[in-house]
1. What number of residues within the stretch 182-214 satisfy the criterion of being away from ligand 1 (no atom under 16 Å from the Cβ) and not in a strand (DSSP E or B)?
2. Restricting attention to the stretch 400-429, and to residues there that are farther than 21 Å from residue 350 by Cα, in a helix (DSSP H, G or I) and touching a residue at least 12 places away in the same chain (Cβ under 8 Å), which single residue is farthest from ligand 1 (Cβ to nearest atom)?
3. Just to verify a result, which residue in the stretch 282-323, among those that are surrounded by 17 or more Cβ atoms within 10 Å (Cβ to Cβ), out of contact with any strand residue (DSSP E or B) (no Cβ under 6 Å at 6 or more places or on another chain) and under 28 Å from residue 380 (Cβ atoms), is modelled with the highest pLDDT?
4. Can you go through 22, 54 and tell me which one is over 25 Å from residue 145 (Cβ atoms) and in a helix (DSSP H, G or I)?
5. Check off (1) within 16 Å of ligand 3 (Cβ to nearest atom); (2) out of contact with any strand residue (DSSP E or B) (no Cβ under 7 Å at 6 or more places or on another chain); (3) in a helix (DSSP H, G or I) for residue 374 and give me the number that stays unchecked.
6. Looking at the stretch 47-77 only, could you name the residues that are away from ligand 2 (no atom under 12 Å from the Cβ) and under 15 Å from residue 31 (Cβ atoms)?
7. Restricting the stretch 201-217 to residues that are more than 26 Å from residue 355 (Cα to Cα) and out of contact with any strand residue (DSSP E or B) (no Cβ under 6 Å at 6 or more places or on another chain), which is farthest from ligand 2 (Cβ to nearest atom)?
8. How many residues does the stretch 406-446 contain that are closer than 30 Å to residue 526 by Cα, out of contact with any strand residue (DSSP E or B) (no Cβ under 9 Å at 6 or more places or on another chain) and surrounded by fewer than 18 Cβ atoms within 10 Å (Cβ to Cβ)?
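The values are calculated or read from the model by the stated rules, or taken from the named source; none is laboratory data. This is a predicted model, so every value here is computed, not measured. Glycine gets a Cβ as well: all are built from the backbone with ideal geometry, and neighbour counts include every protein chain shown.
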Ligand code: ADP
Ligand code: MG
Ligand code: ZN
């Protein structure tokens, strides 16, 4: 029975996807065009915007998957403006809502926001506006928490629904519904009742998170299986992707960034992402001591100070902002020419989004990621408690370690997009010049590492990744070394790459321990160690030619 239902739903979504949504022959098409030019002052729609709006205006449930900055908000704002009733916009963050409200007010659109912090008068105006057929209230932004808690709001919604004033629900960052997503919000669960409570009111879900597993989960949660799913391309043809080996020595690393800012990116605007607040402050100081004009941005700074940094960067007084990922929301600078990751990101989603702040104007821009194995372990202790935290981090690691694939193809595969080799047009380091690499069997090295680990276990000790690699290279604490393990003949970077590969393939595993001040990670044998113990077992990987 379930299968019959699934088939029917699949059929429905197939039929929906075959309809031509990309036309201007709907009854509202003329109004839509007029509002686009007169209210929003936008000359041309972007890919999938028209399709999304037409489907939602036709009262179909839609999920729109589009990269950040692609223009998802317009897909509910414009329909809201040309409809008679109200559009309810559910959004997870007050800061995001404030940005949008600010924009809409400048266009003279009546939009309001409900949150636990909303002033009493606003709340009152919204509650009456919802059920006043003469009101010009078009959009009400609300957090899911507020919805779940406020009976008053829900009862007004019901009244508005009976009056046929409820045009649609737009659910922004809809991946928050799914616990497989990278930021699951329990409060989004409440949205599961909307479909049955407000029958016939279309739901439009919007997200930049693509995996099919998450989208299916979201559809189930919202009870809109069989809805139309629209997917925009994630390819950013004007971005050049590059991964550099990050020097272990701090000064050499700094020199590398200074050089980039003083030569290749001279007179150009950019962002440098760091992992921690401390790092962002340190790097800012260091770059300034080399005469560079940069600002620092992170969550612990006063809002006024942050605004100042932001506007100095916008005006070009600062060449770059050195920031934690707190720098992101609402950034709308079109001519960002470079994004440097001082450390790899927590996930491919994060990396794509952060690097994607470059080149919004379509001009050629560069995204450089500085990779070092040891940085992985700084991040792993931060994310290992999340359900999919490590899995996401290791995917990022695999992106850095890959010796042969086009960077773009890896990103496309991650976002479950089809890919042809010619799509890159030499816009990544791998396609531009084929790096000298070689394939090796890491099986024996894996067994050597197990020997080192076994010795530590016997001595009732644990090895951090650094200590493990040290012992392998015959360095560090003498008692950790194993006489029968030969010192590798290849450079340490290759040794690190081998450890990285063994980790993502499950031959090694991180073992987390809490200490009084911090979380530590140690290396132990992974779930696949049984296989590797067999002397004939091969583990083929690609590393730098040495
Ligand atoms: P998303 O939610 O997908 O990350 P936004 O909706 O915030 O993206 O839009 C990003 C920027 O693109 C905004 O400044 C918006 O005004 C602009 N924008 C949206 N659609 C268009 C369009 N068709 N033409 C030009 N600019 C657009
Ligand atoms: Mg958005
Ligand atoms: Zn490429």
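1. 23
2. Among residues in the stretch 400-429 that are farther than 21 Å from residue 350 by Cα, in a helix (DSSP H, G or I) and touching a residue at least 12 places away in the same chain (Cβ under 8 Å), the one farthest from ligand 1 (Cβ to nearest atom) is 421.
3. Only one residue tops the list, namely 286.
4. From the options 22, 54, the qualifying one is 54.
5. (1)
6. 50, 53, 54, 56, 57, 58
7. By that ranking, first place goes to 216.
8. Summing the residues that are closer than 30 Å to residue 526 by Cα, out of contact with any strand residue (DSSP E or B) (no Cβ under 9 Å at 6 or more places or on another chain) and surrounded by fewer than 18 Cβ atoms within 10 Å (Cβ to Cβ) in the stretch 406-446 gives 2.
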